[in-house]
1. For residues that are part of a helix (DSSP H, G or I) and charged (D, E, K, R), tally how many sit in the range 17-54.
2. Restricting to the range 22-49, count the residues that are crowded, with 17+ Cβ neighbours inside 10 Å and within 17 Å of residue 85 (Cα to Cα).
3. Name the pairs: first residue in the range 84-102 and closer than 21 Å to residue 6 by Cβ, second residue assigned to a helix (DSSP H, G or I) and hydrophobic (A, V, I, L, M, F, W, C), Cβ to Cβ under 7 Å, at least 6 apart or on different chains?
4. Going residue by residue through the range 27-36, is there one that turns out to be β-branched (Val, Ile, Thr) and under 27 Å from residue 91 (Cα atoms)?
5. Looking for something in contact with an Asp or Glu (Cβ under 9 Å, 6 or more places away or on another chain) and of a type in the set (Gly, Ala, Ser) - is there at least one such residue anywhere in the range 79-86?
6. Name the one entry in 49, 81 that is touching a helix residue (DSSP H, G or I) at 6+ places or on another chain (Cβ under 9 Å) and either closer than 24 Å to residue 6 by Cα or charged (D, E, K, R) (or both).
7. Find all pairs meeting these conditions: Cβ atoms under 7 angstrom apart; at least six residues apart or on different chains; first residue within the range 16-37 and closer than 16 Å to residue 67 by Cβ; second residue at pLDDT below 95 and of a type outside the set (A, V, I, L, M).
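The values are calculated or read from the model by the stated rules, or taken from the named source; none is laboratory data. The structure presented is a predicted model; accordingly, all values stated were derived computationally and were not measured. Cβ placement follows ideal geometry from the backbone for every residue including glycine, while neighbour counts extend to all protein chains displayed.
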Amino acid sequence: MTIAEYQQKVDAWIHKYGVRYFDESTNMMLLMEEVGELSRLMARKFGEQSFKNPEHASTVDQQIADEMSDIIFVLTCLSNQMQIDLTSSLERNFAKKTNRDGGRHLQNEKLNPH
């Protein structure tokens with residue numbers, strides 16, 4: 001599915017099951033909540049924290065994928081309600097990063113120690 005198709009699919013879902021979009025400030029807080037949930041899982045998989053319930057460790061990769069999907073869903077809600085075409089925005093952002101960072105990382109001695 002394309003990004004535009006996903007934006008349309010989210011919009012249709014919101015109007016069918018969610019009644020309407022939450023306001024932008026509520027969606028922003030929900031986004032932070034989802035990022036926090038991803039952060040908690042990342043701290044346990046890649047950081048020094050451990051799971052309170054060891055059984056959760058066996059499904060951590062799926063949980064991480066689910067949280068990433070939740071983040072994309074809420075970002076898409078915000079984009080839709082603010083009339084942001086994510087495809088165009090992502091293309092502009094990619095061009096900006098390429099222009100700005102096209103040689104910077106290649107010349108970074110911390111990344112290329114040779």
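1. Start the filter on the range 17-54 by keeping residues that are part of a helix (DSSP H, G or I), which leaves 17-18, 24-45, 54.
Checking the rest, the ones that are also charged (D, E, K, R) come to 24, 33-34, 37, 40, 44-45.
Residues that pass the stated criteria total 7.
2. Of the residues in the range 22-49, 0 are crowded, with 17+ Cβ neighbours inside 10 Å and within 17 Å of residue 85 (Cα to Cα).
3. Once the first residue is closer than 21 Å to residue 6 by Cβ and sits in the range 84-102, its partners that are assigned to a helix (DSSP H, G or I) and hydrophobic (A, V, I, L, M, F, W, C) give 86/3; 87/3; 87/4; 90/3.
4. Applying the first criterion (β-branched (Val, Ile, Thr)) to the range 27-36 yields 35.
This time we only want the ones that are under 27 Å from residue 91 (Cα atoms), so: 35.
Checked the range 27-36: at least one residue is β-branched (Val, Ile, Thr) and under 27 Å from residue 91 (Cα atoms).
5. Filtering the range 79-86 for residues in contact with an Asp or Glu (Cβ under 9 Å, 6 or more places away or on another chain) gives 79-82.
Remaining after also requiring of a type in the set (Gly, Ala, Ser): 79.
Among the residues of the range 79-86, at least one is in contact with an Asp or Glu (Cβ under 9 Å, 6 or more places away or on another chain) and of a type in the set (Gly, Ala, Ser), which makes the answer yes.
6. Values: 49 fails: either closer than 24 Å to residue 6 by Cα or charged (D, E, K, R) (or both).
Checking each option against the conditions leaves just 81.
7. From the range 16-37, no pairs qualify.
Conditions (1) under 30 Å from residue 15 (Cβ atoms); (2) exposed (fewer than 11 other Cβ atoms within 10 Å of the Cβ), marked per residue:
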site	(1), (2)
52	no, yes
56	no, no
74	yes, no
85	yes, no
